[in-house]
Amino acid sequence: MSDQPKGVFIDDVEFPFDDSSSILAFTDKALGDKIIPTLCNDDNLNPYGACRVCSVEVQQSEDAPKRTVASCHTPIAPGMRIYTNSESVKKLRKNIVELVLSDHPPDCLTCEVNGNCELQDVAASVGVRQIRYAKGDNHCDREKDLSHAYMRMDLSKCINCSRCVRACDEVQGQFTLTMTGRGFESRITTDNDMLFGDSSCVSCGACAQTCPTSAISDVFQSKSVEADKTVRTTCSYCGVGCNLEVAVKNDEVLSIRAPQDAVNAGHTCLKGRYAFKFYNHEDRLTSPLIRKDGVLTPCSWDEALDFIKGKFESIKQDHGPDAIAGISSARCTNEENYMFQKMIRQLVGTNNIDCCARVCHSPTAWGMQQSFGTGAGTNSTADIPLADLMIVIGANPTAAHPVTGAKIKQQAMSGATLIVIDPVRTELARMADHHLQLKPGTNVAVLNMIQYYIVEAGLLDHEFIKERCEGGEDFIEQIKELDVDAMAEISGLDKEDVKAVAIAYASANNAMEFHGLGVTEHSQGTKTVMLISNLAMMTGNLGRPGVGVNPLRGQNNVQGAADMGCQPHHGPGYLWMDQKDVQDFYEDKLGLPTPTTPGRKIPEMFDGAVDGSLKALWIFAEDVVQTDPNTHHVVKAMQGLDLLVVQEIFMSETAKMADVVLPGTTFLEKSGTFTNTERRIQQVNAAVKPLPGTKTDGQIIVEMMRKLGLDQPDFDAAEVLKEVASVVSFFEGVTWEGLAASPMGLQWPVNKKGEDTQILHIGEFKRGKGKFHYHDWKESEELTKHKNEYPFILTTSRELQHYNCATMTRRTSNVQILTKDVIMLNPRDAKAKDLISGDRATLKSDRGQVTLDVEVTDRVKKGVVRTTFHFPEVLINEVTSGVTDEETKCPEYKIVAVDVLKAS
């Protein structure tokens, strides 16, 4: 008897066996092509086996009888013989499709108005050219549901494959759609049978992307069939770094979908998929402007840049280069940020360069540098399925980082333990195994308690601490002295709940941490990051898959802007600007002088503008008047400048105060790279030309550099990237061509061979050994000074529908879904203040006051109010304070002492 074959035979051709889970997956992989047609299958979804179009004949061995099975969920086995196109299989598939078409609009096979129709393709592949069973009962008279801002539901086209339901469940985890009824009465419905637009849908588009018949479709989808090209680029909203496929015709964006071979794996949020119409909105700035007689007046590019040059020269002559400063952009590309800091440093001659990392994640960078030696995320979102436990601290990823948030939801629903530490009952908090709803500003107290209980329970990873860390013994002795009862009272938590969290975290095989601005935007933000780092080190949750400390970056390129040197103390690549050898390094690399005096951080720039020591400020794609704290102080700073240059796409609150406004471009009009929250460098490719009258931001900077005396070619992202790679050590192997050939991008550090790094600190830390830090809790100065007069704590955050100050999203249909900022108020506080949902109330602090609508909800605890800052009509930062993180001067947005008053 011959040995049993170890391979698998597909139509009598043998292929090596592998561990693909199903016949369909094995066949697709072996042949490199999808030769088996499917209708209910989607690579993002679990096998379902409903339509049976993917049926094949199989033999378990050469002598076994043939049987017909659905290939999508039938396991593969060595020696199996698969027949993908036998006569019986072809007849079965054809008959299935004919029956599907019998309950479908009669013009289906010739329809061209609903975008790409997978059902048409499948019908053609099985030889169906006309509808065979056209008579009898059907559902072709179902009414269309046009209530949704971004999608249409036409269930006359539905074939009950359940792909939309499964995508909503398995990709987004929203459970908005379901299948109701039995037999002929089966149909898709939204929750509580609502109109689509009134349902709990979060507009991620997963249902529309997977639907094979356009029964659910994008409002833009029908246009996509007209596209003359598709451009792959990277989203410019949050730090997840989703890849997008942009359909374009006649220099107009028709639609956006998500490619499968990307970090987002075919998934987006409503912002990335739908909120792109801002790019050619009527509000776009399309001419440079100079203030003349108090009025911003259109002018030529040369006039605008010559005016700036003249002002710079005059200020440098009278006050020196340090009277000039620049604020760079976390929304723009690495290459643009690199050139901007180069212009400010090497040509203007000052280290007065900063970016919005200052007001969001500077404590993360500083704190993790002190603990690990590198201030960046240690792992990848691809590790989430490997985590046994996830702890989310001060972050609301389903709203602010939706694709990552959906992955966390899915892993939690798959059985992983989920811990949320947040003063607000977020979506993830509602589904968490443990929610520590702490008092805002007590992160350090709570984390010290967790560390105490880990030590008390004897759950330390002693080997990791001994071999890979320093300062562990002193740290453990200090932790043992902690008064946990006092910390419990301070934080407003039951210490037994904190103990349960500590034991769960330290007992997990793989514990993965995520944190956001609820950690960093505090006076003890940097200290909190160090304590989070302690947790990972004391339990050995570093340097391997499924673990780590993973900050969730707020803006699309906040990581990249910092990487490129847009900070006063760090040049490109995080080299310290106060060191002589670093100054010599940059001067040697660039052939230009490097400034030696210390630079100003953003709050110090504003203080300098107020006291007169800072005379000029160039703000590149940031709206500091709306987004930075204590608006009155920011406005006073802008008014105190001799020159304010604002480079923007819209007339923002800051641009309204400018002396010169320069019209830049959106991400859809430029090329370059973004670096996401997991250090992933990805290409941005221009889909359309810049609007007439505008220039790409890189080109604006290059032309200004020419005015300042440096001969420069026109801006070319690929050429700038070469220079970046020669200066920034962890970009050493990054090339434009290499990124184009890497759909998933490259995670820095990237070596000379172009090999990237998915996980940091394997074997040893960047600084050699990880360092433990002990910090005591300290109450915020904001509360110490004001809590008696202003008894409520205001904390701020974002909503899913809008991004930051909503400069872009307010100019899309997102504004139809969420129309205003509101105050969230606990029911007990609302009763005491005689307020109900829908009333108007005033938030008052010692800086100012704002009035908003009230939403009474138990999502916030008594004594805490929460709001957002998306709408300039409100300007929440009128009430926020000037208190900052002790180390980095990151503003304390999350702690504001206020009172709540019923508006008259």
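Could you list, ordered by first residue, the pairs with Cβ atoms under 8 Å in which the first is in the stretch 744-770 and modelled with pLDDT under 95 and the second is loosely packed, with under 14 Cβ neighbours inside 10 Å, at least 6 apart or interchain?
Listed pairs, sorted by first residue: M744/D261.
Would you check if there is a residue in the stretch 774-788 being farther than 30 Å from E481 by Cα, at pLDDT 95 or above and polar (S, T, N, Q)?
no
Being under 33 Å from the mean Cα position of the chain (by Cα) and of a type in the set (D, E) is the filter; apply it to the stretch 133-192 and report the residue that is farthest from C211 (Cα to Cα).
Across the stretch 133-192, the extreme among qualifying residues is D191.
Within the stretch 449-479, can you find the residues that are of a type in the set (F, W, Y) and either more than 19 Å from K495 (Cβ to Cβ) or surrounded by fewer than 19 Cβ atoms within 10 Å (Cβ to Cβ) (or both)?
Residues of the stretch 449-479 that are of a type in the set (F, W, Y), as a first pass: 452-453, 464, 475.
If the condition is that a residue be of a type in the set (F, W, Y) and either more than 19 Å from K495 (Cβ to Cβ) or surrounded by fewer than 19 Cβ atoms within 10 Å (Cβ to Cβ) (or both), then F464, F475 are the ones that fit.
Go through the stretch 511-605 and tell me which helices (runs of 4 or more DSSP H), entirely inside it, have 3 or more residues that are out of contact with any helix residue (DSSP H, G or I) (no Cβ under 8 Å at 6 or more places or on another chain) and assigned by TED's automatic domain parsing to the domain that holds P321.
On the way: elements: 517-520, 525-538, 558-563, 580-590.
Here the list reads 580-590.
For the stretch 847-892, name all the residues that are part of a loop (DSSP other than H, G, I, E, B) and touching a Leu at 6+ places or on another chain (Cβ under 7 Å).
Within the stretch 847-892, the first condition is being part of a loop (DSSP other than H, G, I, E, B), and the residues that meet it are 847-848, 857-859, 861-863, 868-875, 879-883, 885-890, 892.
V874, V879, listed by residue number.
Can you tell me how many residues within the stretch 259-274 are touching a strand residue (DSSP E or B) at 6+ places or on another chain (Cβ under 8 Å) and at positive phi?
Adding up the residues that qualify gives 0.
How many of the residues making up the stretch 545-589 are touching a residue at least 40 places away in the same chain (Cβ under 8 Å) and of a type in the set (A, V, I, L, M, F, W, C)?
9
May I ask you to list pairs of residues, at least six apart or on different chains, whose Cβ atoms are under 6 Å apart, with the first in the stretch 622-648 being touching a residue at least 40 places away in the same chain (Cβ under 8 Å) and surrounded by 22 or more Cβ atoms within 10 Å (Cβ to Cβ) and the second being assigned to a helix (DSSP H, G or I) and among the small types (G, A, S)?
E648/A655
On the basis of being in contact with a Gly (Cβ under 8 Å, 6 or more places away or on another chain), buried (at least 20 other Cβ atoms within 10 Å of the Cβ), within 25 Å of H361 (Cα to Cα) and not hydrophobic (A, V, I, L, M, F, W, C), does Q683 make the cut? If you could, list the steps in order and put the result at the bottom.
On the way: in contact with a Gly (Cβ under 8 Å, 6 or more places away or on another chain): yes; buried (at least 20 other Cβ atoms within 10 Å of the Cβ): yes; within 25 Å of H361 (Cα to Cα): yes; not hydrophobic (A, V, I, L, M, F, W, C): yes.
For Q683, the condition - in contact with a Gly (Cβ under 8 Å, 6 or more places away or on another chain), buried (at least 20 other Cβ atoms within 10 Å of the Cβ), within 25 Å of H361 (Cα to Cα) and not hydrophobic (A, V, I, L, M, F, W, C) - is met.
Within the group I408, I393, I419, I384, which residue is under 18 Å from the mean Cα position of the chain (by Cα) and within 16 Å of A502 (Cα to Cα)? It would help to see each step written out before you state the result.
Details: I408 fails: within 16 Å of A502 (Cα to Cα); I419 fails: under 18 Å from the mean Cα position of the chain (by Cα); I384 fails: within 16 Å of A502 (Cα to Cα).
The match here is I393.
Testing V625 on (1) touching a strand residue (DSSP E or B) at 6+ places or on another chain (Cβ under 8 Å); (2) within 25 Å of S236 (Cα to Cα); (3) assigned to a helix (DSSP H, G or I), one condition comes back false. Which one is that?
Condition (1) is where V625 drops out.
Quick one: which of A304, A325 is part of a strand (DSSP E or B) and over 30 Å from A247 (Cα atoms)?
On the way: A304 fails: part of a strand (DSSP E or B).
Step by step, each of A304, A325 is checked, and only A325 is part of a strand (DSSP E or B) and over 30 Å from A247 (Cα atoms).
Do the conditions hold for R331, that is, is it basic (K, R), crowded, with 21+ Cβ neighbours inside 10 Å and part of a helix (DSSP H, G or I)?
Against the criterion (basic (K, R), crowded, with 21+ Cβ neighbours inside 10 Å and part of a helix (DSSP H, G or I)), R331 does not qualify.
State all residues of the stretch 410-435 that are crowded, with 22+ Cβ neighbours inside 10 Å, touching a residue at least 60 places away in the same chain (Cβ under 8 Å) and more than 24 Å from P891 (Cβ to Cβ); if no residue qualifies, say none.
I419
So, K861, is that one in contact with a Gly (Cβ under 8 Å, 6 or more places away or on another chain), outside the structural domain of T528 (by TED's automatic domain parsing) and either crowded, with 16+ Cβ neighbours inside 10 Å or over 21 Å from K787 (Cα atoms) (or both) or not?
Values: in contact with a Gly (Cβ under 8 Å, 6 or more places away or on another chain): yes; outside the structural domain of T528 (by TED's automatic domain parsing): yes; either crowded, with 16+ Cβ neighbours inside 10 Å or over 21 Å from K787 (Cα atoms) (or both): yes.
Judged against the criteria, K861 is a match.
From A382, A395, A376, which residue is in a helix (DSSP H, G or I), touching a residue at least 24 places away in the same chain (Cβ under 8 Å), of a type in the set (A, V, I, L, M, F, W, C) and within 21 Å of Q555 (Cα to Cα)?
Details: A395 fails: in a helix (DSSP H, G or I); A376 fails: in a helix (DSSP H, G or I).
Answer to the selection: A382.
Take the stretch 606-621 and flag every residue that is surrounded by fewer than 23 Cβ atoms within 10 Å (Cβ to Cβ), outside any loop (DSSP other than H, G, I, E, B) and touching a residue at least 60 places away in the same chain (Cβ under 8 Å).
In the first step, residues of the stretch 606-621 are kept if they are surrounded by fewer than 23 Cβ atoms within 10 Å (Cβ to Cβ); the result is 607-608, 610-613.
Imposing the further condition that a residue be outside any loop (DSSP other than H, G, I, E, B) reduces the set to 607-608, 610-611.
G608, the sole residue that qualifies.
Residue-by-condition table, conditions (1) more than 19 Å from Q172 (Cβ to Cβ); (2) out of contact with any Asp or Glu (no Cβ under 6 Å at 6 or more places or on another chain):
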| site | (1), (2) |
| --- | --- |
| C238 | no, yes |
| V246 | yes, yes |
| K249 | yes, no |
| L254 | yes, yes |
| R273 | no, yes |
| N280 | yes, yes |
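Inside the stretch 525-548, can you point out the residues that are within 19 Å of L436 (Cα to Cα) and either modelled with pLDDT under 95 or of a type in the set (A, V, I, L, M) (or both)?
Correct list: G525, V529, L531, I532, L535, A536.
How about the stretch 50-66: which of its residues are out of contact with any Asp or Glu (no Cβ under 7 Å at 6 or more places or on another chain), more than 15 Å from P212 (Cβ to Cβ), at pLDDT 85 or above and not β-branched (V, I, T)?
S55, E57, Q59, Q60, A64, P65
Check every one of the strands (runs of 3 or more DSSP E) wholly within the stretch 139-246 and list those with 2 or more residues that are over 27 Å from K409 (Cα atoms) and at pLDDT 95 or above. Steps first, answer last, please.
Values: elements: 151-153, 177-180, 187-190, 216-218, 229-234.
Where strands (runs of 3 or more DSSP E) fall fully within the stretch 139-246 and carry at least 2 residues being over 27 Å from K409 (Cα atoms) and at pLDDT 95 or above, they are 229-234.
For the stretch 491-500, how many residues are of a type outside the set (D, E, K, R) and surrounded by fewer than 24 Cβ atoms within 10 Å (Cβ to Cβ)? Spell out how you get there, then give the answer.
Taking the stretch 491-500 as the starting set, the residues that turn out to be of a type outside the set (D, E, K, R) are 491-493, 498, 500.
Then keep just the ones that are surrounded by fewer than 24 Cβ atoms within 10 Å (Cβ to Cβ); that gives 492-493, 500.
Residues meeting the conditions: 3.
Working only within the stretch 470-510, note down all residues that are closer than 21 Å to N541 by Cβ, part of a helix (DSSP H, G or I) and touching a Lys or Arg at 6+ places or on another chain (Cβ under 7 Å).
Matches in the stretch 470-510: none.
Has the stretch 697-720 got at least one residue that is among the basic types (K, R), under 19 Å from Q647 (Cα atoms), at pLDDT 95 or above and in contact with a Gly (Cβ under 8 Å, 6 or more places away or on another chain)? Can you show your working first?
Here is the first cut: in the stretch 697-720, the ones among the basic types (K, R) are 706-707.
Applying the additional criterion that residues be under 19 Å from Q647 (Cα atoms) yields 706-707.
When the remaining residues are screened for being at pLDDT 95 or above, the result is 706-707.
Retained after the next criterion (residues that are in contact with a Gly (Cβ under 8 Å, 6 or more places away or on another chain)): none.
Looking through the stretch 697-720, none of the residues is among the basic types (K, R), under 19 Å from Q647 (Cα atoms), at pLDDT 95 or above and in contact with a Gly (Cβ under 8 Å, 6 or more places away or on another chain).
Condition test on I344, is it surrounded by 23 or more Cβ atoms within 10 Å (Cβ to Cβ), under 20 Å from M657 (Cβ atoms) and among the β-branched types (V, I, T)?
Values: surrounded by 23 or more Cβ atoms within 10 Å (Cβ to Cβ): yes; under 20 Å from M657 (Cβ atoms): no; among the β-branched types (V, I, T): yes.
No; evaluated as a whole, the condition is false for this residue.
With the condition kept exactly as written, say whether any residue in the stretch 865-881 is farther than 25 Å from V815 by Cα, modelled with pLDDT under 95 and touching a helix residue (DSSP H, G or I) at 6+ places or on another chain (Cβ under 6 Å).
yes
Each row is one residue, and each column tells you yes or no for (1) assigned to a helix (DSSP H, G or I); (2) in contact with a Pro (Cβ under 7 Å, 6 or more places away or on another chain); (3) not basic (K, R).
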{"residue": "P629", "(1), (2), (3)": "no, yes, yes"}
{"residue": "V634", "(1), (2), (3)": "yes, no, yes"}
{"residue": "A637", "(1), (2), (3)": "yes, no, yes"}
{"residue": "L644", "(1), (2), (3)": "no, no, yes"}
{"residue": "Q647", "(1), (2), (3)": "no, no, yes"}
{"residue": "E653", "(1), (2), (3)": "no, yes, yes"}
{"residue": "T665", "(1), (2), (3)": "no, yes, yes"}
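The values are calculated or read from the model by the stated rules, or taken from the named source; none is laboratory data. What you see is a predicted model, and the numbers here were worked out from it, not measured in a lab. Cβ atoms come from the backbone with ideal geometry, glycine included; neighbour counts cover every protein chain shown.
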